[in-house]
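Have a look at the structure below, then the notes.
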Amino acid sequence: MRSKTSWYNHEMMKQNFRQVGWISLVYFVTILLAVVLNILMKLDIEDAYYDIYFEQPLFQFSEVIQILMLFAAPVFMAMFILRYLHQKDASDFIHSLPITRSKLFWQQIGFGLVALWLPIVLNGILLGIIYNFLDVSHFFTINHLFYWLSLTIIILSFVFSVSIVIGMITGISIIQGIFTYVFLFFPVGFTTLVIFNLNFGMIGIPESYFIDDRIAHFSPITDLGNLFMFDKATTFKLVAYIVLTVILILFALLLYRKRPVEAASQAIAFKKLKPIFIYSFTFCFTLIGGFYFGFIQQAYQWIIIGYVIFSLIGYFVSQMIVQKSWRVFTTWREYGYFIIGFTCLILVILFDLTGFENRIPKTENIESVYVIDDMYGFVEREQLYGEEQGFTTLDDIEAVQKLHQELIDQADRGNFLYADRMGLTIRYQLKNGRTFVREYYITGDVADYPLLHNLMQTETYKKYSEPIFRIDEASAYKLTFTNNYDYKQLVISDREQVVELINRYREDILNLPIQEGGFMTEAEIHLSNQGSIYLNLTPKYEGVISWLEQEGLYNQVMLTIDDIETVIFAKFTEDYYNYSDEELFERVLPEQDKMTITDDDQLEFILDHMYGEYDEEEYMAAIYLKGNNFPYVFFSDSENVPSFVYEYFN
Amino acid sequence: MIHVQEIGKAFGKKQVLKGVNLTVNKGSIYGLLGSNGAGKTTLLKVLSGIFKQDKGSISIDQAPVFEHVLTKQRLIFIPDQPYFFSHYTVKQMAEFYAEIYPEWNQQRFLHLQQILNLDINAKVHQFSKGMQRQVSFWLALSTMPDYLILDEPFDGLDAVVRKKIKNLIINDVAERAMTVIVSSHNLREVEDICDHIGILHHGQFILEKDLDDLKSDIHKIQVAFKHDIPEPLFDAFTVLHREERGSVHLIIVKGNQDQVDQVIEQANPLVYDRLPLTLEEIFVYEMEGVGYAIENILV
């Protein structure tokens, strides 16, 4: 007997090529047009102005098309390469042939991967040729080319392997396609849904900490920004993708060996997976219902209604998929189990059986702790300047714990419902290396929380909250003061002066109460490697002001009474929203409702004392600067308005 | 030799095969009969190594089939709807088979083309149903299989094509001792080529017979006596069926032919005829004996 032991079947490859070759071709041509020709076209224009926003410029050429293809090509490839599993007659035919499943599997997977890689590799070679023969240094470097090649290949392979696993689980190609994207998005979507829903009932869950910061990395779809725009910290990620791809492919092989051939054209190939599918699908839909109604209606009864409606939708849709029939409305048993389970879950959370809500780490376990009122900015600063120093002294830690207890005591399940809530995060670094995070909502003013107010006045808090303490003054090369939309501007580019000002700012900020808002003058510190930071300047920044006075620059930065034509005060009226500022103050407001100030002492007082915006808008004022036709409008409440204004109106 | 022991197979909750036993000798043609939904196709797909049985074992020449390349190289399954890759010509399909099956015989392929007289460069999908069926046999027989498993191969074909295909099969069985299993829901379609017949009903065999034995074993006789029929006459035989028209008795009896002749001649009947029995009649009477109405199971 003639025995063939070749590891692949030439004829099977030919058949594959006929079936999926077009995908490779389309992909190749798309990338050729979108990237290679795009670069050539831009080269041709002599002084092409081309802005590179991405760290990885090759992804910036027709990025939308590149991203679409990056996620469409591998899914189509997987669908067509496993098409034989999903068609009854083809499945019977192929599995009646004298080829083992392992060999079939490796042939198909290998072919699919090569067919995906080839278009990118060929385009990469073309780019390499262009790189060698033409000057494209302002577009990309050889490192960018390698990163582009490897990242594209890794993502293609990863998405392909996810789709292969789904293709093994289902017997219908269209479900394979749809559920590949569902699963790619699943880690991010599911975590978001769970946290968002837990937030309804679990007091202290650090919603923004999880949702803003971490989970975008969980799916290549949401992680694209990180992958394309930055090139730091990606080596670990790329290795993780490769490892996951290998694991997924091996898992798919395992599934294939167990997969019954008769599963072709069934929604779910494995009997044991059917209930798992039904329950998880229903669960996700229930969470979507909570998310939707929690977002739109923000009321408990609506959230419950959302759970009920969406769990029913999810349940029957999953039954329809599994049974491949519309007539599923007589099967209620699993739904009953689901509702019982879900209710138990809600009760566990509401009665806090896990002790989540009242847990505060013990003092002896705490390394340091942060109180954070702008989670987003905090994370950004951590990324830019490295880890920040939190509260470490025993007194401070105990104060935070007390504040934490106070927040727990006054927390109400309905707090998340208020639109004007303020998020407050408490983050403990524990001695065992773990992080313990809770997030609460407070309404009203920081001043209502003396513990919080005091913590915010500490040096530690200011140092980790204000970027000025974190920047490297040696890299600051310019400082710009701007007053009232360029009415006055001063640029200081002497490095020593810039450093002096930064140090004075640091001192001033430590001395000032934290809540000082800004008014009229803004400073921008330009850094050579970290962008810019922005600061306010008011008369209370004594160090900075005295330096300006000393250098004779005060008048170039700050407003003085000589700059002011007049200031008009009025009580706040709703007309403010209907008219432009000029119209309002010059024509709409009747003369008796206005107080026009021209007295130098009064103007001086206004400039020295009014620099903020206040919570309640009770008074408004228009400042007319000399040489400006339009006024600058600001607001005040009755407590902070100058007494001569208050008396005039009362 | 195909040896099947206690095969069970379920799809979901539906038990399709319930402990099927079957032995098919080398060089024989086995007719698998049964109504739609009896489990014929499932049994054939299990035999071909497409489905994996839940219970029981299968061996072909002492080797398993499922995932067993060497066995499958010698076995071809032709489904009721033959499958071809879309847009493939006969020639391209032949190239595919030639690579997959090591025993592919190109001369045989070309020789069969002369018999079948089909265009080798035409796309298979453009052929009529009968022609497609012929192509599937053409390709299958060119791989020189030792085992050929056919699911409803004659269904919906005209008499000419049917005849052609039967001749092809019989030829290979005679020349190379190929073993064939052929399923049908119609006894008349297969009775002329099979030497064994099994009837599958609700996932179980209710009857398995060697046709030669069957035909020599069952007799339809017509007898008339001057007086009443002497009662102990048939005690030595199994009477499957009996009716009276006046003084003429029509009896279906099971037993050795010479013995039957002898016993009846001794009773000195006025009339004694042995009438020919069709295979269908034999089944009808046999099944009556076991309590089934065959009309409900076949045709």
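Comparing B:Asp273, B:Asp61, B:Asp151 in a Gaussian network model of chain B (Cα springs below 10 Å), the most mobile by mean-square fluctuation is B:Asp273.
For region B:2-202, the Kirkwood hydrodynamic radius comes to 17.3 Å, computed from all pairs of different C-alpha atoms. The mean of 1/r over all pairs of different alpha-carbon atoms in region A:365-411, once inverted, gives a Kirkwood hydrodynamic radius of 11.9 Å. Only beta bridges with both residues in chain B are counted; by DSSP, about 70 percent of them are antiparallel. After finding the eigenvalues of the alpha carbon gyration tensor for region A:558-650, what semi-axes result from the square roots of 5 times each, listed largest first in whole Å? Semi-axis lengths for region A:558-650 are 18, 17, 12 Å. Fewest neighbouring Cβ atoms within 10 Å first, the residues A:Lys488, A:Lys594 line up as A:Lys594, A:Lys488.
Radius of gyration over Kirkwood radius for region A:231-367, both on Cα atoms: the Rg/Rh ratio is 1.11. Seen against the Cα atoms of chain A and their longest principal axis, helix A:495-511 is set at about 80 degrees.
The A:Tyr487 and A:Gln383 beta-carbon pair, evaluated with R₀ = 41 Å, returns a calculated FRET efficiency of approximately 0.70. Remark: region A:292-307, residue by residue, has Karplus-estimated 3J(HN,Hα) of 5, 6, x, 6, 7, 9, 6, 8, 4, 4, 6, 5, 4, 4, x, 4 Hz, where x stands for each Gly or Pro and the curve is 6.51 cos²θ - 1.76 cosθ + 1.60 at θ = phi - 60°. When chain B is treated as a Gaussian network with alpha carbon springs shorter than 10 Å, the biggest mean-square fluctuation among B:Val284, B:Val173, B:Val223 belongs to B:Val223. Inter-chain Cβ neighbour count for B:61-70, averaged per residue, equals 2 (cutoff 10 Å, partner chain atoms only). In this Cβ point-charge picture (+1 for Lys and Arg, -1 for Asp and Glu), the protein assembly as shown has a dipole of about 7860 debye about its Cα centre.
Would you list A:Thr330, A:Thr191 from fewest to most Cβ contacts within 10 Å?
Working: A:Thr330 6, A:Thr191 16.
Least crowded to most crowded, the residues run A:Thr330, A:Thr191.
Listing A:Phe630, A:Phe270 from fewest to most neighbouring C-beta atoms within 10 Å gives A:Phe630, A:Phe270. Relative to the longest principal axis of the Cα atoms of chain A, the long axis of helix A:101-133 lies at roughly 50 degrees. Region A:123-193 and region B:4-28 have Cα centres lying 47 Å from one another.
Quick check on region A:279-350: what are the equivalent-ellipsoid semi-axes from the Cα gyration tensor, as sqrt(5λ), descending, whole Å?
For region A:279-350, the semi-axes come out at 23, 14, 9 Å.
To the nearest 10 degrees, how steeply does helix A:10-31 sit against the main Cα axis of chain A, on a 0 to 90 scale? Taking the Cα atoms of chain A, the angle to A:10-31 is about 20 degrees. Proximity of backbone amide H atoms, modeled 1.01 Å from N, is registered between A:Leu559 and no other residue at under 5 Å, excluding neighbours fewer than 5 places apart on the same chain. Grab the DSSP H runs of chain A that are 4 residues or longer, score each as -39,500 (n - 2.57), total them, divide by all residues and round the 222 nm result to the nearest 500 deg cm²/dmol. Theoretical 222 nm ellipticity from helices: -17500 deg cm²/dmol. Taken about its Cα centre, region A:561-649 carries a charge dipole of roughly 260 debye when the Cβ of each Lys and Arg holds +1 and the Cβ of each Asp and Glu holds -1.
In terms of the ratio Rg/(2.2 N^0.38 Å) built on C-alpha atoms, what value belongs to region A:363-465?
1.05
Across peptide B:49-60, the mean count of Cβ atoms from other chains lying within 10 Å of each residue's own Cβ comes to 2. Could you check how many percent of all C-alpha pairs in region A:86-228 are farther apart than 26 Å? Taking all Cα-Cα pairs of region A:86-228, the fraction more than 26 Å apart is 49 percent. Cross-linked pairs A:Lys431/A:Lys463; B:Lys52/B:Lys72; B:Lys129/B:Lys163; A:Lys258/B:Lys55; B:Lys40/B:Lys215: Cα-Cα separations exceed 18 Å for A:Lys431/A:Lys463; B:Lys40/B:Lys215. Taking the inverse of the mean 1/r over every pair of distinct Cα atoms in chain A gives a Kirkwood hydrodynamic radius of 30.5 Å.
Averaged over peptide A:15-21, how many Cβ atoms belonging to another chain are found within 10 Å of each residue's Cβ?
Shielding by partners across A:15-21 averages 2.
For region A:474-557, the square roots of the Cα gyration tensor eigenvalues, ordered a ≥ b ≥ c, give a/c below 1.5, which places it in the rounded category. Simple point charges give the picture: +1 on the Cβ of Lys and Arg, -1 on the Cβ of Asp and Glu, and for region A:535-604 a dipole about the Cα centre of about 260 debye. Considering only B:Asn105, B:Asn117, B:Asn186, the Gaussian network model of chain B with Cα springs below 10 Å gives its largest mean-square fluctuation to B:Asn117. Distance from the alpha carbon centroid of region A:454-513 to that of region A:265-311 works out to 51 angstrom.
Every number here is computed from the coordinates shown, using simple stated rules; none is lab data. All values derive from a computational prediction rather than experimental measurement. Ideal geometry is used to build each Cβ from the backbone, glycine not excepted, and the neighbour counts take in all protein chains shown.
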